[in-house]
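The values are calculated or read from the model by the stated rules, or taken from the named source; none is laboratory data. Since we're looking at a predicted model, the values are computed, not measured. Cβ placement follows ideal geometry from the backbone for every residue including glycine, while neighbour counts extend to all protein chains displayed.
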């Protein structure tokens, strides 16, 4: 049976390479243990924009039990203080119990990466997190900060076993849809990142040149620039207005110019052209936000539902154990009562048998005594008769022997 040592969807954590002085990076921790196969693995999943992909890609760092160095892995109370917003992100509920999961591996971990033909690189603006991910994947010593409340009490002993005696376990055999969509590689799949170039935000305070500002235009112009860009609209007769604007001493437009319908027509065309685009962009953004929010709500609900189910399973297991204990107690009490009743019945039967035996003994003894007395009287009579016969016989012999 496979156990999820934390919730199935993973838990929020902060991870970093131990020798690295950089701040830990947010990611998701998964932990699975199979008692029937004696297998266990820990997974750390990152999501980051990657060059060549339209959506963020996930990378899963795999720490198999047989790759852990025995005797040096642990989970201990954290001494790091975090801002409240990070505590809210890591904490399950109530008072977070921050722990540091310290892992030491024999060799850099394997990685589940999206399919690609070569090495991967970050999108512009994401060099720092990509470089951090590369360092964590390459490291053999990793620290993971988590809220210990995510680990159920019944699973903490299993997690300790994975950390303390990894030599007794093997890596978990992977399967499922995610495994098919991602290939297993090593840290070299991450291409090198140029750390000498400043990050994109470093130039925000510098003055931008006009060439940079005009070299690239947005896919859809901003609605605020519609009137400024009206000169490039086809069929927009604004040549006089443009010439007047460039004059060193501009004169106020005449009432005839203000009254002409051409400007209003240009504005109407601009609005008709750009309003649907702006509206579509706004609706798409709202839809994306709504879908993302609904997805987050569903993930949160799934996690809470699984937590409730797990708690109910624990409660049911406790109720079952209590019921078995109560049943055993009732059975033992009833068995003791039956034993006492059986012993009383046996004692009564023995007592009755003893009384019957004594009565039979007394009856037999009386009869034997009577028979013996009768036999003794008979023998006395016989002796008396024999004595008299011998006396008479002796007298007869003497009388015969006398002379006539």
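Among the residues making up segment 83-109, a single one is touching a strand residue (DSSP E or B) at 6+ places or on another chain (Cβ under 9 Å) and without any contact (Cβ under 8 Å) to a residue 24 or more places away in the chain: 87. Within segment 173-193, the set of residues being under 21 Å from residue 37 (Cβ atoms) and modelled with pLDDT of 85 or more comprises just one member, 184. Scanning segment 106-135 for residues that are surrounded by fewer than 19 Cβ atoms within 10 Å (Cβ to Cβ) and not in a loop (DSSP other than H, G, I, E, B) yields 114, 127, 128, 129, 131, 135.
Results for (1) exposed (fewer than 11 other Cβ atoms within 10 Å of the Cβ); (2) over 17 Å from residue 92 (Cβ atoms); (3) outside the structural domain of residue 152 (by TED's automatic domain parsing); (4) under 22 Å from the mean Cα position of the chain (by Cα), shown as yes or no for each residue.
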| residue | (1), (2), (3), (4) |
| --- | --- |
| 300 | no, no, yes, yes |
| 314 | no, no, yes, yes |
| 317 | no, yes, yes, yes |
| 324 | yes, yes, yes, no |
| 327 | yes, yes, yes, no |
| 330 | yes, yes, yes, no |
| 338 | yes, yes, yes, no |
| 341 | yes, yes, yes, no |
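Residues in segment 140-163 that are out of contact with any strand residue (DSSP E or B) (no Cβ under 7 Å at 6 or more places or on another chain) and either loosely packed, with under 13 Cβ neighbours inside 10 Å or over 21 Å from residue 11 (Cβ atoms) (or both): 153, 157. Kindly provide the set of residues from segment 42-68 that are in a loop (DSSP other than H, G, I, E, B) and in contact (Cβ under 8 Å) with a residue 40 or more places away in the chain, ordered by number. 49, 51, 52, 53 - these are the residues of segment 42-68 that are in a loop (DSSP other than H, G, I, E, B) and in contact (Cβ under 8 Å) with a residue 40 or more places away in the chain.
Per-residue answers, yes or no, for (1) at pLDDT below 90; (2) more than 24 Å from residue 167 (Cβ to Cβ); (3) not in a loop (DSSP other than H, G, I, E, B):
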| site | (1), (2), (3) |
| --- | --- |
| 22 | yes, yes, no |
| 26 | no, yes, yes |
| 33 | no, no, yes |
| 40 | no, no, yes |
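Within segment 4-18, can one find any residue that is at pLDDT 90 or above, surrounded by 20 or more Cβ atoms within 10 Å (Cβ to Cβ), assigned to a loop (DSSP other than H, G, I, E, B) and over 17 Å from the mean Cα position of the chain (by Cα)? There is no residue in segment 4-18 that is at pLDDT 90 or above, surrounded by 20 or more Cβ atoms within 10 Å (Cβ to Cβ), assigned to a loop (DSSP other than H, G, I, E, B) and over 17 Å from the mean Cα position of the chain (by Cα).
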